[in-house]
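Below is one structure, written out as structure tokens, with a few remarks after it.
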Amino acid sequence: MLTELWNDAEGGFHPASAPDFLPGSALREVQLRRLRAVVARAYKNVALFRSRMEERGLTPESIQSLADIQHLPFTVKTDLRDTYPFGLFASPMSDVVRLHASSGTTGKPIVVAYTREDVEVWSEVMARTLASCGLHRGDILQNAFGYGLFTGGLGAHYGGETLGATVIPISGGNTDRQIMIIRDFNVSALCCTPSYFTHMIERARELGVDLRELPLRIGIFGAEPWTDGMRRHIEAEAGIKAYDIYGLSEIIGPGVASECSAQEGLHLFEDHFYPEIIDPETGEALPDGEEGELVLTTLSKKAMPMIRYRTRDITSLITEPCACGRTLRRMRRIGRRSDDMFIIRGVNVFPSQVEAALLAVEGTLPHYRIILTRDQGLDRMAVEVEVTPEVFSDKIKALEDVRTRLAQAIEHILGIRVELRLVEPRSLARSEGKAKRVIDRRNEGK
Amino acid sequence: MSVSIRHSAATTVRYPIWDPEAETRPRPELEALQLERLRELVSRLATVPFYRDQLTHRDIGPHSLRSPADIRKLPFTTKDDMRRQHPLGLLAVPRKALARIHGSSGTTGKPTFVAYTARDLETWSDLCARFLVSGGLAPEHTAQVAFGYGLFTGGFGLHYGIERVGATVIPAAAGNTRRQIEIMRDLDPEVLICTPSYALTIADTARELGMDPRALPIRIGHFGGEPWTEDMRREIEEQLDIDAYNNYGLSEVIGPGVSGECPARAGMHIQEDHFLVECLDPETLEPVAEGEPGELVITSLTREAMPMLRYRTRDIARLYREPCACGRTTTRMSRVAGRTDDMLIIRGVNVFPSQIEEALLRVEGTTPHYLIEVSRPSTLDEVHVKVEIHPEIFSDRMDRMQALCERISREIHTVAGIRAHVDLVEPRSIERFVGKAKRVLDKRDLTDQAL
Amino acid sequence: MKLQQLSLFLENRPGRLGAPLEAIAAEGINILTLSLADTAQFGILRLIVREWDKAKRVLEEAGWVVNLTEVVAVDLLDRPGGLAQALKILEGANLNIEYMYAFSLRRGDKAILIFRFEDPDRAIQVLLDKGLHVVDGDELMSFVS
């Protein structure tokens, strides 16, 4: 195996990274070949895609060049919900080796599938991600992304394994133990959400542990938006290089794009994921460099190909060559979205999910407000709900019970803990038109 | 033998054997292989100072071993040895060769650690594939893993085992039972993997949601991670309309995969080509007669990264060596019927009372007077830690008192990894004992009386 | 002007409330008022008694955990709006109330409020400045004798 022959020296080149350096023309060739194959596959096996193609009078043969992708129909998040669970599968279940799931926009989950080849591609792009962030064989990688149906944990895990690193699959939570392990095991690289790492920095300080004095040198952060200010803080306080990575379950999980040593934009693994930038209003393609919504097509996914998936993430593409030598195009960090989704502790949340939970408990939708705060680096979500006469009781226990049921219903859908506060009727501001449901105070006072 | 077989089809059900060569090897060949591997192990241990010193001291080398029974010449390894070698003093390969590090609970807040090379991970996947297949997992199946993934080995061995077999994995991880049931209902897994008590929780929750748990798509369950009984098996099989299989393992030697049941369900087949298992009287450390209860002592013959020599598991079980109806030639072990130490297994997590004590010590002003009450009100273990109130920590403000409970509960979670209810009780209400205090009141019924 | 309030930790199970009250009654100590805050598992009993130091000693000797807290008593006319007026004053002065409870005296038209403030001294100053009647220990005892 190539990996075994590979020189471990720091900054060494990992064989998995070879496609990162494909000459542009060769890359376009690979992309076109794979695009035609994936369109043919989806057309043959996915009824929804075929009918949308037929409506437009398209067949797989309509794709003659990469530019022809613009004629293809978009796929949107609600398509995953509407065809749940198996409607977008392009492989029989016998070829599927993994299912992941996440909650959709209304509490109804969405599911994504992988064949053995898909898991291999995923492991490969994650190994390329880690290599691009400076990891090499023999590095000790502490993986503090959550494991389970969320793709973050297992994605990074398989990537680390493919790269030849030692993986500590600690998953999220138990910050004291995370810090103890960083220290005791000479952990050299760590992945988690950037907000969780800032919390780790705070906690380490309380415990009298100076992260700057430990061998930890690389932080791989993703699953939520963050800023260059946060990067500077993390790098200074922990004495590491902090890299941004990008991905989403619908496409594959983490491993869609990653920063490199230049830390100026995230290289998209274009040989597997074809990027476009569109105007979110009109759906028209925008020229390179202009800001718009990122649309991705999975070029090699077998179990669940995504054609022109609208990510709702707003960014722009950088086509200039990168100092690191990678020929892959880069995207700028994600700063905002074209919908009302927000991300807390790496979990995507839509206000509509919270509404679905409140409605399920109370029967009618009470007035509510979501408040996001950051306490010692840790994101917290509180939901304030006005007490209605229907749920009010003079018994503390009964009110506590209502509070618990509301909190549990929300936690059930989102999978994260929330603080639920009952507030007095009419105490939450009403607004004309669209109510302001989310108050994000996470970046205040910084 | 007192283990009864409920399942009427058990005698007729016949699943393929994953690795026929390894699992049905004639005993003499198996024992020759064990001896060869034991000798190799003893040579490899020369690189581990902890073992080297002891072996040199006893003047033991590979040549001293003439049969697997000669293992009795070798020294034991205990949990304390692992703790003293924190973090990776027992490593038998260079650190760079490690592919994975897992933890197992320690007797204090510090877990003990176990390490794997890439080949160890291959072996582990293979061993899990063996028992999963022996209990009916087939490549066309979908399996829902409702074990926690993370530092502890629970979910990973099984995840990779299913992958090895070629079935579909749903890595649901632990918790959020309603979601587990939705996934089950929507994605049609035939196989469920979790702790036995969690299987009953799933059945309960399904009924609460107005569903018939027997109508769930699950047909086979592979359960482990905590002690359970034949009565529980009957309950689970009845409530979920499935066949339930038991498996056994511990992180210190590999994780799940040490042994597992076949359709005969007359004990769990020990993967003896990889583990040499002894059953000893915990007092005299002499072997007990076949079929008698004793402490399992396990030597991992093939582990590269961190081999264990005669690891004292503290688990009490019985061994049966007569051939099994399924055709496997391996020794079988009974369910675990108890412990020789005070370790508790709560919702699949190993907990030592000393960890609870350590958590209390982290909260200023708490007294060392506490009692751990473990119960299983319906299907899930519940822990109440009773803590005596004390003037230093008492406040007239309710919010402060509630914050105190939460703080203690959080420390217990940090140290021991379990969520416990903290009950503040009046001073001197916890019984004082002369000599060794009784810290644990375990109200669960976890062992078969018949065993 | 401040009053001494005793607070006791009690487990929330039948019969727990009676025991400490009996213990102080047996010593002939009069209880002026009490309030109980409880959760499902435990409660905090707060007491204003005539001889707080003796009561504290009696209770502690009997094994209870007892705290001493300084609280402030305010005398209001027992008529609509009296409480609201007092609270408005406190709110205006930005005084934080940790908790409060009230009792009426049978023989008069008095309503007594017991406040636990973060900063009782400043609270007393504010209340006096606004012309409210802050009741001290001796006076409170005289109301009930």
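Brief remarks follow.
- Shape call, chain A: gyration tensor on alpha carbons, a/c limit 1.5: oblate
- Highest to lowest packing among B:211-223, A:360-372, scored as the average C-beta count within 10 Å: B:211-223, A:360-372
- Gyration tensor (alpha-carbon) shape descriptor, chain C, a/c threshold 1.5: prolate
- Phi-based couplings in Hz for region A:354-370 (Karplus 6.51, -1.76, 1.60; Gly and Pro marked x): 5, 4, 4, 5, 5, 4, 5, 7, 8, x, 10, 8, x, 5, 8, 8, 9
- Dividing the mean sequence gap of close Cα pairs (under 8 Å, 6+ apart) by how many residues chain A holds gives a relative contact order of 14 percent.
- Calculated [θ] (222 nm, deg cm²/dmol) that DSSP helices of n ≥ 4 give over chain A, each run adding -39,500 (n - 2.57): -9500 deg cm²/dmol
- Mean ellipticity per residue at 222 nm, deg cm²/dmol - from DSSP H runs of n ≥ 4 across chain B, formula -39500 (n - 2.57): -9000 deg cm²/dmol
- Fraction of C-alpha pairs exceeding 30 angstrom in chain B: 46 percent, rounded to a whole number.
- Normalised by the number of residues in region A:151-230, the mean separation of alpha-carbon contacts (under 8 Å, six or more apart) gives a relative contact order of 32 percent.
- A cut-off of 5 Å between modelled amide H atoms, ignoring neighbours fewer than 5 places along the same chain, links B:Ile346 with B:Val351.
- Shielding of B:158-171 by partner chains, average beta-carbon count, 10 Å: 4
- For C:Val49, residues with placed amide H under 5 Å, excluding near neighbours: C:Leu6, C:Leu32
- With contacts taken as Cα pairs under 8 Å at a separation of at least 6 residues, region C:3-69 carries a relative contact order of 47 percent.
- Rounded to the nearest 10 degrees, the angle from helix C:82-92 to the longest Cα principal axis of chain C is 80 degrees.
- Look at the stretch A:83-94: the mean tally of other chain Cβ atoms within 10 Å of its residues' Cβ atoms is 2.
- Each peptide among B:22-32, A:237-247, B:335-345 gets the average number of other Cβ atoms lying within 10 Å of its residues, and from highest to lowest they stand as A:237-247, B:335-345, B:22-32.
- Packing order of peptides A:181-187, A:269-275, A:50-56, highest average first: A:269-275, A:181-187, A:50-56 (average count of other Cβ atoms within 10 Å over each peptide's residues).
- Convex hull per residue volume in Å³, alpha carbons only, for region B:327-451: 150 Å³
- For A:Ile168, the residues whose modelled amide H falls within less than 5 Å of its own, excluding neighbours fewer than 5 places apart on the same chain, are A:Leu141, A:Gln142, A:Asn143, B:Ile101.
- Taken residue by residue and averaged, Cβ atoms of other chains lying within 10 Å of the Cβ of A:164-175 number 6.
- For region C:3-69, taking Cα atoms only, Rg and Dmax work out to 10.9, 31 Å respectively.
- Integer Hz, Karplus 6.51/-1.76/1.60 couplings in order for region B:406-411, x for Gly and Pro: 5, 4, 4, 4, 5, 5
- For region B:59-73, the Karplus equation 6.51 cos²θ - 1.76 cosθ + 1.60, evaluated at θ = phi - 60°, returns couplings of 6, 10, x, x, 5, 6, 9, 10, 8, x, 5, 5, 4, 5, 6 Hz by residue, with Gly and Pro reported as x.
- For the protein assembly as shown, the spread of Cα coordinates along the three principal axes comes to 95, 80, 58 Å, biggest extent given first.
Every number in this text was worked out from the coordinates using simple rules, so none of it is lab data. Every value quoted in this text rests on a predicted model; they were computed, and no experiment measured them. Glycine gets a Cβ as well: all are built from the backbone with ideal geometry, and neighbour counts include every protein chain shown.
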